[in-house]
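Bear in mind these aren't lab numbers, they're just calculated from the coordinates by the rules spelled out. Small disclaimer: the values here were computed from a predicted structure and weren't measured. All Cβ positions, glycine included, derive from the backbone under ideal geometry; neighbour counts span all protein chains shown.
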Amino acid sequence: MAADRHGGEVAEVQSRDGGGAQPFRHRDHQGVDKADAKRAVLGVEFVSPDEIRLLSPLDRPLASAEIGEKRVLRARRVLTLVDSSGWIEYLAGRAKADRFATYIEGRDPLLVSVIEVYEVYKVIRRDLSAERAVEAVSALRRAAIAPVDETLALEAADLSLAHGLAMADSLVYATARRHGATLVTGDNDFDELPDTIVVR
């Protein structure tokens with residue numbers, strides 16, 4: 001492993017075909033790929049010295065690497081969909097607020113169904129105030145807001161029949177499944193469904 005002119009390290013990775021060591025992308029002393037770090041933190045990709053490309057939150061990578069004969073692994077961060085019950089607990093400062101904060105304030109990108117905008121706004125306005133309800137909607141915008149289309153509506157109907165879910169719950173669950181997201185909820189109706197976390 002050699003040091004570069006900036007004091008970082010340039011690692012070498014053994015090629016799979018036995019052709020000798022290959023230069024690896026520049027890493028700092030903690031083994032962090034600097035290009036991927038810039039993509040993840042800044043939300044841009046440096047295409048050329050004169051061009052950058054903006055990335056959506058869903059495209060920002062989380063990189064890990066094992067140096068030596070093992071291959072380099074890169075994995076996209078897992079999407080998290082916190083349902084309206086979680087957002088309401090968090091935004092209204094209720095009993096489970098800190099537990100949902102772990103997911104809402106975490107590093108994984110967030111997804112919400114557009115139907116959650118309706119539910120969160122309605123409950124916060126009813127229980128707190130119109131001003132707090134508007135602030136709650138602004139907080140939801142930190143997540144990617146997924147629309148409901150005809151195909152999703154049909155998928156939600158099938159999930160409702162299969163699992164006995166209410167309309168809003170089935171739409172939220174269908175949204176999570178479509179995008180490969182983990183659903184985080186305080187609703188026991190989702191208990192034991194695949195790719196769900198029920199916060200108690």
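Structure notes:
- Point-charge dipole on Cβ atoms (K/R +1, D/E -1) for the range 123-200, about Cα centre, debye to 20: 400 debye
- Full-stretch length increase - Glu150, Arg178 - with 0.36 nm per residue and alpha-carbon distance subtracted: 8.8 nm
- The string of couplings for the range 97-106 from the Karplus curve (6.51, -1.76, 1.60, θ = phi - 60°) is 4, 5, 5, 6, 4, 4, 8, 5, 9, x Hz, one whole number per residue in order, with x for Gly and Pro.
- Amide H contacts under 5 Å for Val184: Leu81, Val82, Asp83, Ile197, restricted to partners 5 or more places along the chain or on a different chain, H placed in the peptide plane at 1.01 Å from N.
- The equivalent ellipsoid that matches the C-alpha gyration tensor of the range 114-176 spans semi-axes of 26, 13, 7 angstrom, in descending order.
- Point-to-point label distance, Asp191-Arg107, nm (Cα→Cβ direction, 7 Å offset): 3.3 nm
- Size of electric dipole in the range 76-143: Cβ of Lys, Arg +1 and of Asp, Glu -1, about Cα centre, debye, nearest 20: 140 debye
- Applying 0.36 nm per residue to the separation of Leu128 and Ala97 and subtracting their alpha-carbon distance, the gain on full extension is 9.6 nm.
- Applying the Karplus relation 6.51 cos²θ - 1.76 cosθ + 1.60 with θ = phi - 60° to the range 111-122 yields 3J(HN,Hα) values of 10, 9, 7, 4, 5, 5, 4, 4, 5, 5, 4, 4 Hz, where x marks Gly and Pro.
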